[in-house]
Amino acid sequence: MSSDDANEAIAVLRNVEGYSGLANDQCSVVRLGGLTNRVFRVDTGADRLIVRIAGAGTGEYIDRQVELHNARAAHGAGVSADVIWADPASGLMVSREIPGIVTMTPELFSARPGSPARAGKALRKLHMSGETFEFRFELFSMIDDYLKILSGKSVQLPEGYHEIVAAAEPVKQALAANPAELAPCHCDPLCENFLDDGDVMWIVDWEYSGMNDPLWDVGDLSVEGGFSPEQDTELMEAYFGRMPTQAEHGRIVIYKAMCDLLWTLWGLIQLAENNPAEDFWAYSVTRFERCKTLMRDGSFQAHLDAVANTRQS
């Protein structure tokens, strides 16, 4: 991390009441992870705070005012950090650090006993909180919106992408005919957005959050973590407090495929923005191939039929 990065993070913190006179030599700054944004932990000696600096171009597809509302609602739900200052116009945000946590990864979800169950309980707590998020996360509308963004950029879609979108039409119809009760959802449950203290799992980063079918979060987390069947069972049992019905399981499997279909396009937008955080062409192709494999699996139709034929209560 460069000294310029550290100085920039401290300068952001000076916007917060009580920190305007903070001197650079008072602080220790550590760069944390992030695919699109720069995130820093700033230790002032008295407090440890998280400073988020939005990535270039992210305002094109992220509403920062909505993000701020939802982040504060998630804190109210008891599952996320306390945001103490933000500037939606620039995407700057400062929150309090959650103490004693480990930032999760796919490897840690395998290594830390009980972590899929703790994540399932955290998602359930969010979804059942009664909080209302701004923005309606609509899968197929977002695919259309991302395609429109990409139409003005010099990035090629993976071969066959439009054909797979067309093949997903029965999925769209089944979900529309059997709508779920909407709940406040994270919608982008990367493993790294989960923070584990060994007893409780916390969730951060609300850029894509909105009211959604809550089983999107369950299916997407399974994909992001590369969960095994045993981890899926642990996740679902903790989330539902029982084994899921066929229709519930069907929705989760459908969303496993659909999240890859959507995030393929997100990766291509990062590629178009020259985001250096990852090889986003490889990221997008990998996600698209995984989507195709699942949709072409013989069991996928049975899951789709379970959703189409069983209206959720």
For region 139-162, does any single residue satisfy the condition of being at positive phi, in contact (Cβ under 8 Å) with a residue 24 or more places away in the chain and of a type in the set (Gly, Ala, Ser)?
yes
Among the candidates VAL200, VAL253, VAL223, VAL218, single out the residue that is at pLDDT 95 or above, open to solvent by 30 Å² or more (accessible area, probe 1.4 Å) and either within 20 Å of the chain's Cα centre (by Cα) or small (Gly, Ala, Ser) (or both).
VAL200
Looking at (1) farther than 22 Å from ALA183 by Cα; (2) outside any loop (DSSP other than H, G, I, E, B); (3) aliphatic (A, V, I, L, M), which is the one condition that is false for ALA277?
(2)
Quick check, is TRP263 within 22 Å of LEU304 (Cα to Cα), crowded, with 21+ Cβ neighbours inside 10 Å and among the aromatic types (Phe, Trp, Tyr)?
yes
Just need a number here: residues in region 13-37 that are part of a strand (DSSP E or B) and either farther than 18 Å from ILE98 by Cα or over 23 Å from the mean Cα position of the chain (by Cα) (or both).
2
Members of region 43-71 that are part of a helix (DSSP H, G or I) and surrounded by 17 or more Cβ atoms within 10 Å (Cβ to Cβ)
THR58, ARG64, VAL66, GLU67, LEU68, HIS69, ASN70, ALA71
Which of the helices (runs of 4 or more DSSP H) contained wholly in region 86-158 include at least 3 residues that are open to solvent by 50 Å² or more (accessible area, probe 1.4 Å) and of a type in the set (Lys, Arg)?
115-127
Let me spell it out: the conditions are (1) more than 11 Å from the chain's Cα centre (by Cα); (2) surrounded by 20 or more Cβ atoms within 10 Å (Cβ to Cβ); (3) more than 13 Å from ALA119 (Cβ to Cβ), and MET243 meets all of them except one. Which number is the exception?
(2)
Hey, ASP205 in contact with a Gly (Cβ under 8 Å, 6 or more places away or on another chain), open to solvent by 30 Å² or more (accessible area, probe 1.4 Å) and not aliphatic (A, V, I, L, M) or not:
no
One residue is enough: does region 160-174 have a residue meeting the conditions part of a loop (DSSP other than H, G, I, E, B), modelled with pLDDT of 95 or more, open to solvent by 10 Å² or more (accessible area, probe 1.4 Å) and not hydroxyl-bearing (Ser, Thr, Tyr)?
yes
Go through (1) closer than 28 Å to GLU97 by Cα; (2) touching a strand residue (DSSP E or B) at 6+ places or on another chain (Cβ under 9 Å) and name the single condition LEU190 misses.
(2)
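The values are calculated or read from the model by the stated rules, or taken from the named source; none is laboratory data. Predicted model, so just to flag it, every value in this text is computed and none were measured. Don't worry about glycine lacking a Cβ; one is built from the backbone with ideal geometry, like all the others, and counts go over all protein chains shown. We work out accessible area using only protein heavy atoms, side chains counted, and drop any ligands, DNA or RNA first. Shrake-Rupley method; radii C 1.70, N 1.55, O 1.52, S 1.80 Å.
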